[in-house]
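Engineer: Encoded as structure tokens, here's the structure I'll be asking about.
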Amino acid sequence: MRTTGEMKHTPPADQKAFKLEELQGLVGGSIEIFPTPQGNALVVNEDGRSKNLPVNLMATEIMGMAIVGDAIMCHPSFIR
């Protein structure tokens, strides 16, 4: 989920699970993981607020709290 509203399907490089480095690259830095109300994991840039990243309206709506920067949503089993 990009801050532009664009959704992009991005599978893990090994087609099994995302590695830390992959997630960091996708969100642009250190990661923070939130459980979603639907049972998925939302991965965001941990330093997004201090970096003044733009609000991610789609992720904010899902979480019911302000989320900034690009985000990745996946089932928790896809995070290694």
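The values are calculated or read from the model by the stated rules, or taken from the named source; none is laboratory data. Remember, it's a predicted structure, so these values are computed and weren't measured experimentally. Here Cβ is always computed from backbone atoms with ideal geometry, including for glycine, and neighbour counts include all displayed protein chains. Accessible surface is based on the protein model in full, side chains and every heavy atom, while ligands, DNA and RNA are left aside. Shrake-Rupley method; radii C 1.70, N 1.55, O 1.52, S 1.80 Å.
Engineer: Show Val43, Val68 ordered by accessible area, largest first, where the area counts protein heavy atoms only and the probe is 1.4 Å. List each step's numbers first, then the result.
Structural biologist: Values: Val43 0, Val68 20 Å².
These residues rank, largest area first, as Val68, Val43.
Engineer: May I pose another question? Over the heavy atoms of Met65, what accessible area does a 1.4 Å probe trace out, to the nearest 10 Å²?
Structural biologist: 80 Å²
Engineer: Another question, then. What area, in nm² and to one decimal, does the C-alpha convex hull of the chain cast on average over all directions? Kindly include the intermediate steps, with their values, before the conclusion.
Structural biologist: On the way: hull surface 18.9 nm².
If I average the Cα hull's projected area over directions, I get 4.7 nm².
Engineer: Simple spin-label model, 7 Å along Cα-to-Cβ: Lys8 to Ser30 in nm?
Structural biologist: 2.5 nm
Engineer: Show Thr36, Thr10 ordered by accessible area, largest first, where the area counts protein heavy atoms only and the probe is 1.4 Å.
Structural biologist: Thr10, Thr36
Engineer: With n ≥ 4 as the cut-off for DSSP H runs, can you work out [θ] at 222 nm for the chain, using -39500 (n - 2.57) per run divided by the number of residues, rounded to the nearest 500?
Structural biologist: Mean residue ellipticity at 222 nm (helix-derived): -5000 deg cm²/dmol.
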